[in-house]
Amino acid sequence: MPVPLRNPAVAAMEIATLARLFPGRFVPAVGHGVLDWMGQVGARIASPMTLPREHADAVRRLLHGETISVTDVM
């Protein structure tokens, strides 16, 4: 999923739903998206590696039941 367009909380809920529907058959993946396309929708990011890393960390922590804030993932 292109993380510039995805809220980590919503992504965690969607991942949890799909993992429950298809146990052992669903593997989520994140990326920065196609940078030109992200620019066209106003979601181009300054650091293509930082945001996916922070997003994946936030989603992972949410899936493990943690409560997080913006300052936790920076």
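Per residue, the chain exposes an accessible area of 71 Å² to a 1.4 Å probe, with every protein chain left in place. Note on the chain: with neighbouring protein chains present and a 1.4 Å probe, carbon and sulfur make up 61 percent of its accessible heavy-atom surface.
In the context of the full protein assembly, V59 retains an accessible surface of approximately 10 Å², using a probe radius of 1.4 Å and ignoring ligands and nucleic acids.
Suppose only helical runs count, i.e. DSSP H with n ≥ 4. What mean residue ellipticity at 222 nm does that imply for the chain under -39500 (n - 2.57) per run, divided by all residues and rounded to the nearest 500 deg cm²/dmol?
-14000 deg cm²/dmol
Helix 50-63 axis versus longest C-alpha principal axis of the chain: approximately 20°, rounded to the nearest ten. For the pair I68 and E14, the difference between a 0.36 nm per residue extended length and the Cα-Cα distance amounts to 17.7 nm. Each Cα pair of segment 6-46 feeds into the Kirkwood radius, which the Stokes-Einstein equation turns, at 10 °C and 1.306 mPa s, into a diffusion coefficient of 134 µm²/s.
Size of the chain from its Cα atoms: along the principal axes, largest to smallest, the extents are 35, 28, 16 Å.
The trypsin sites (Lys or Arg not before Pro) of the chain that DSSP puts in a loop, and whose beta carbon has at most 11 other beta carbons within 10 Å, are R25.
The values are calculated or read from the model by the stated rules, or taken from the named source; none is laboratory data. Note that the structure is a prediction, hence the values are computed from the model and not measured. Backbone-built Cβ (ideal geometry, glycine too); neighbour counts: all protein chains shown. Each accessible area value is taken on the protein alone, full model and side chains, heavy atoms only, with ligands, DNA and RNA left out. Shrake-Rupley method; radii C 1.70, N 1.55, O 1.52, S 1.80 Å.
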